[in-house]
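What follows draws every value from the coordinates through simple rules; no lab data is involved. Everything numeric in this text was worked out from a predicted model, so none of it was measured. So basically every Cβ, Gly included, is an ideal-geometry build from the backbone, and we count neighbours across all protein chains shown.
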Amino acid sequence: MSAADGPAMVEALSLGVGYQGETVVADISFRLDPGQVLALVGSNGSGKSTLLKTVAGLLPPTAGNVRVFGAAPLSSPSRVAYLGQFHPTSFMLPLRVLDVVRMARFARHGLFGRLTAEDERAVREAMAVMDVQGLADAPLNTLSGGQRQRVFMAQAFARDADLILLDEPAANLDTTSRDTYRGRLRTLADAGRSVIVATHDIDEASECHFTMLLAHRVVACGPSAEVLARPALLATFGMVGKYQEGGIVIVEREHGHDHGHDHFGD
Amino acid sequence: MADWFVTPFAANAFMLDALLAGILVSIACGIVGTYVVLRGLAFIGDALAHGVLPGVAVAMLLGLPGMVGAAAGAAGMIFGIGWITRRSNLSSDTAIGLLFVAMLALGVAIVSRSHSFSGDLVRILFGEILGIRASELAIQLAATLVIAALAWICHRPFLLLCFSPEQARVSGFAPRRYHSIMLGMIALTIVVSFRTVGTLLVFGMLLAPAAAAALFSRKVATMILSASALGIGSVYAGLLASYHFDLAAGAAITLAASGLFFVLLAARQLLPRADRRQEGRP
């Protein structure tokens, strides 16, 4: 998001993202530097998750190019953490919370490397941040949805990654956990880490340095304060809303755009 | 009393060999079965167990070792499932189902050309654990060691694969590679075990002990160890029942294994759970 000369965390050039050769969003260009947080905002199906997966290396680009730390995505797994939106984890998988969070460290050690005291420290710290340290010995399949989400977020943070990709991480969280998570994003940015987060939450996006509005195309991309202004939001959602607990309160609709449905609901 | 439990094995070399073979099969099935249960690969395991049938049948007609035929059958099955899934939009379930019946029918068709049709078929499906040769025991030992070594080497990618293939991939472990290794381990288990418990019953040994272990295990390693131990217990109980009550050994072993699963399931329903949902937290 700047013309700085240093190494970019992520650099996309005319990037097209999609599934099986079908482009969902074309011509995405941006640069994310260390310490920057980018919010991807758009309604369901607008291409947020697809872009995140492409940066993570889970999907190949349909066009153009994306570089992570100057190389192809997936080149340095230990430096990138990814938290997807859906967790198809088998409900019968016998795993304790501690084991789930520890898995974050496998990327650093490959098949055989032993986990070190530093790994344990990172695991404990991430669990403390997401307030799941008390659940360390609890089996994953005994947790509530919100607790599981906090465990998965602790796993993402325990990676101690330079680039963190989060797909609607706060969707399932209560207010306290959401505040904790936002605080964590600020701490990470201050420490020079970069974050890309997909969200429906305009308030959350406004706290990020940059926002990219997506609606099957890049509607706007730049500093959040500018991008989250009315005209761009209207083009993305067909309305402008204010985020409040429990959802978006619509304060203005695009002229002539009649809504029988909710753009923001999941 | 001890006579009843020990003498059958102490006094009969074939019973001791059967027990040894059964222990090795149980360890291999405990390891592989755990991943079959956790990753929901039961159907592909079942298909492989039946897919080896035509291979074994052809090998028998040609006078080749059955294991060679079984390996060819399993390889054909894995290749076929991959090919159908890639070339059509059918789900792998459908591909597996299609190949499964085709291979089973092919096997029966081939065996029906032989003079001792039903005898051969029964031997392939249910094994001959009471007629194990030393060479077969050695092969079973080698296969079990290979499976244990692979499980140890791949324990991190396997765990990640069970947790989420996406997480495996972003952690630097290619899901497709480790999925293939897992399929190879299932195939190896089935191929070497068909002489002992048979292709039909090896599937029971893959599923029942691992499913029973899943009922109470809190860690994957515990599940593997418990599944192996439950398998060994079933082999011992099955062989004993077979000896004293003149039952088919392979069937008695598999019955014991499935019986254990139902007993543990019932026990879990009756006993209070210590690890119910964590209360008091959002």
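Select from the stretch B:60-116 those trypsin sites (Lys or Arg not before Pro) which occupy a DSSP coil region and have at most 14 other Cβ atoms within 10 Å, ordered by residue number. Intermediate values should be presented prior to the final figure.
Values: sites: B:86, B:87, B:113; in loops: B:113.
Here the sparse-neighbourhood loop sites are B:113.
Roughly how many nanometres apart are two label points built 7 Å out from the Cα toward the Cβ at residue B:98 and residue B:43?
1.3 nm
Using the Cβ atoms and a cut-off under 14 Å, what net charge is assigned to the surroundings of residue B:197, where Lys and Arg are +1 and Asp and Glu are -1? Could you put the intermediate results ahead of the total?
Values: positive: B:123, B:195; negative: B:17, B:128, B:136.
Overall, the nearby charge balance is -1.
For an R0 of 45 angstrom, estimate the FRET efficiency from the Cβ-Cβ distance between residue A:141 and residue B:11 and round to the nearest 0.05.
Values: r = 47 Å, r/R0 = 1.05.
With a Förster radius of 45 Å, E is 0.45.
So what is the 222 nm mean residue ellipticity for the protein assembly as shown from helices alone, if each DSSP H run of at least 4 adds -39500 (n - 2.57) and you divide by all residues, rounding to the nearest 500 deg cm²/dmol? Could you put the intermediate results ahead of the total?
On the way: 22 runs with 308 residues, N = 548.
It lands at -18000 deg cm²/dmol.
Could you grab the relative contact order for chain B? Cα pairs under 8 Å, six or more apart, rounded to a whole percent.
Details: 410 pairs, mean separation 80.1, N = 282.
Relative contact order comes out at 28 percent.
Between beta-carbons, use under 11 Å as the cut-off and find the net charge around residue A:13, counting Lys and Arg +1, Asp and Glu -1.
Once positives and negatives cancel, what remains is 0.
Rounded to two decimals, what is Rg over Rh for the stretch A:10-253 when you use alpha-carbon atoms and the Kirkwood radius? If you can, show how the numbers build up before the last one.
Working: Rg = 17.9 Å, Rh = 18.5 Å.
Using Cα coordinates only, the ratio equals 0.97.
For the stretch B:1-139, count all C-alpha to C-alpha pairs, find those more than 18 Å apart, and express that count as a whole percent of the total.
Values: 6190 of 9591 pairs.
Pairs farther apart than 18 Å: 65 percent.
Please compute the volume of the convex hull spanned by the alpha-carbon atoms of chain B and report it per residue in Å³.
Convex hull volume per residue, Cα atoms: 154 Å³.
Rounded to the nearest 0.05, what FRET efficiency do residue A:206 and residue A:120 have when you use their Cβ-Cβ distance and R0 = 45 Å?
Between residue A:206 and residue A:120 the formula returns 0.80.
Counting Lys and Arg as +1 and Asp and Glu as -1, what is the net charge of the other residues whose Cβ lies under 11 Å from the Cβ of residue A:56? The partial results should precede the final answer.
Numbers: positive: A:53, B:169; negative: A:167, B:166.
Here the charged neighbours net out to 0.
Can you name the helices of chain B, as whole DSSP H runs, whose Cα span along the helix axis is 15 Å or more and whose Kyte-Doolittle mean is not below -1.0? Intermediate results must be reported in sequence, preceding the final value.
On the way: long enough: B:13-38 (37 Å, 2.16); B:42-62 (31 Å, 1.74); B:66-87 (31 Å, 0.92); B:92-111 (28 Å, 2.15); B:134-153 (28 Å, 1.81); B:175-193 (27 Å, 0.91); B:198-214 (24 Å, 1.87); B:220-245 (36 Å, 1.36); B:249-270 (31 Å, 1.62).
Once both thresholds are applied, what remains is B:13-38, B:42-62, B:66-87, B:92-111, B:134-153, B:175-193, B:198-214, B:220-245, B:249-270.
For a protection proxy built on the mean count of beta-carbon atoms within 10 angstrom, sort B:134-145, A:139-150, B:252-263 highest first, please.
Details: B:134-145: 15.7, A:139-150: 18.9, B:252-263: 20.8.
Per-residue mean Cβ counts within 10 Å order the peptides as B:252-263, A:139-150, B:134-145.
Work out the charge dipole of the stretch B:8-266 with +1 on the Cβ of Lys and Arg and -1 on the Cβ of Asp and Glu about the Cα centre, then indicate which of B:32, B:179, B:242 is farthest towards its positive end.
After comparing all options, I get B:179.
Quick one: dipole size for the stretch B:8-266, taken about the Cα centre, charges +1 on Lys/Arg Cβ and -1 on Asp/Glu Cβ, in debye to the nearest 20. Could the numbers behind the result be given before it?
Values: 13 positive and 8 negative charges, 156 e Å.
I would put it at about 760 debye.
Among A:136, A:12, A:111, which residue has its Cα furthest toward the positive end of the charge dipole of the stretch A:10-253, with +1 on Lys/Arg Cβ and -1 on Asp/Glu Cβ?
Working it through, the farthest residue towards the positive pole turns out to be A:111.
Residue B:108 label point, 7 Å along Cα→Cβ, cut-off 20 Å on backbone N: hits in the stretch B:176-211?
Zone members listed by number: B:198-204.
What are the principal axis extents of the Cα atoms in the protein assembly as shown, in Å, biggest first?
86, 48, 47
Give me a single rounded figure for B:167-178: the average over its residues of other chain Cβ atoms within 10 Å of their Cβ.
Numbers: counts 14, 3, 6, 16, 15, 13, 5, 1, 0, 0, 0, 0.
For peptide B:167-178, the averaged partner shielding equals 6.
Charges only on Cβ, +1 for Lys and Arg, -1 for Asp and Glu: so what's the dipole of the stretch A:10-253 about the Cα centre, in debye to the nearest 20? Present the calculation step by step, with values, prior to reporting the outcome.
On the way: 24 positive and 25 negative charges, 78 e Å.
Approximately 380 debye in magnitude.
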